Amino acid sequence: MSLTPGNIDRAIDIAKEELKNGCAGGEALRRTMMLKHQIQVPRSFAREIVQILDGEGVRRRKRKRLRRRQYINKGPNYVWHIDGYDKLTPFGFPIHGCIDGFSRQIVWLKVGFTNKKPEVIAGHFVAAVEELKGYPVRIRADPGTENILVARMQRALADKDSAFIYGTSTSNQRIERFWGLLRQYKADFWIDHFKTLIADGLYDRDNPLERLCMQYSYMDYLQKELNSTKVLWNTHTIRKQHVGDVLSGVPQLMFGNPELFETRDYINFCLDEEKDYLKTNTLSDSIDADFKVVADDIVAKNNYKTPQMVDNIDSAKNLFVNLKAKFINQLD
C-alpha cells in the first residue's frame, strides 16, 4: 500500500508507535513500515518523520557514530557466519541462521524446537552443503557446544583446523547485524503477540502440553514468514556506504555472480559419498511423534486448519486455542 492523503494520518500514528518502541533511523522506519505494516513510504517522508519525532535520537546517533573496523572477505563462500537467535526461545521457537560474509546472502534461516543440539545444527549445515554442492573455505561461530559437530565436519572436509573459527559475537558481526534487523522487522511483532497470549492467560509457557500445542500450531507459519524474510533480504539492495566495510549490491546477485564484483566463488565441492557420510551424524528437528499423531487426529476430526494451511498469525492463534481446549477436555 502506497502513502496517500487518505492514509497519511495512520502512517504517522504507526511511525510514532514504532519510534516509541525503539525503531531507530529513517531507513529502519521505512522498511519496518513496508514489511510489518505493508505501507510503502518514501525515504524523504521517513527521514522527515524521524527528524520531527526523534530529533534528539538523530543527534545522539550522529554524536556516537563510530568507524567500524575493516572486515575483509574475498568472495562468496569464503566465510559463512552461523549463530542462534534466542529472543523467541522462551516461547518455544529458537531460530538458527547462516549468512555468507561477502554477499550477506542468507544461506539458511530455520525455526525449530531447538538450536542447541549439535546434530540439528549439523543438519542445517549438511542441507546447505547439499543445496550448494559444496562447503565454504571457513566458518565462523560463537563458542558453544551446539557447533561441535559442524566444526568437526567442516574441519574434516577441508582437512585443516583453521576451516572453523570460534570467536565472540562482535567478531561474528555479519550474522549479528542481521539478527538486529530481524528483531526490528519481524521478531518484535511475534514477541508482542506471544506476550499478549501469556498476559491474557491463554498460554502457559511452562506447561509442557501447552508448549507442544503452541509449537504444533505456529511452527509452520513462522517458518513461512522466515522464508519470506530470507527472500526479501537476499533480493534487496545494500546501498553504498561512505564508511565501514559494506559492499553495495544485491546479496543474491553478489553470491551468484561474483565475477561482476571482480572476485570468484570460493566454494569447495563435496563428493556424494562425503555428503552421505555427513548425514549419518544429523537429526531432523521435529515435534514429539506421539503428540503429533493425536494432534493430527483432533485437527482432522474437527475440520480445523492444518498447520500447513495456517497463513496468518490469527489462524495460528485459533488453532492453538482450539487444540489446547481439546487436549484439556480429553485429559478431564
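Summed over region 8-24, residues that are of a type in the set (Gly, Ala, Ser) and either at pLDDT 75 or above or in the same structural domain as Lys230 (by TED's automatic domain parsing) (or both) total 2.
Among the conditions (1) modelled with pLDDT of 95 or more; (2) surrounded by fewer than 18 Cβ atoms within 10 Å (Cβ to Cβ), Pro143 misses just one, which is (1). Evaluated against (1) part of a helix (DSSP H, G or I); (2) over 28 Å from Lys117 (Cβ atoms); (3) aromatic (Phe, Trp, Tyr), Phe291 falls short on exactly one condition, (2).
Being over 29 Å from His236 (Cβ atoms) and of a type outside the set (A, V, I, L, M), is that true of even one residue in region 172-191?
Taking region 172-191 first, the residues over 29 Å from His236 (Cβ atoms) are none.
No, every residue in region 172-191 fails to be over 29 Å from His236 (Cβ atoms) and of a type outside the set (A, V, I, L, M).
Of all residues in region 195-245, those that are of a type in the set (Asp, Glu) and either touching a Lys or Arg at 6+ places or on another chain (Cβ under 7 Å) or closer than 30 Å to Gln105 by Cα (or both) total 4.
The values are calculated or read from the model by the stated rules, or taken from the named source; none is laboratory data. Just so we're clear, the structure is a prediction, and the values are computed from it rather than from any experiment. For neighbour counting, all protein chains shown are included, and Cβ atoms are generated from backbone atoms with ideal geometry for every residue, glycine included.
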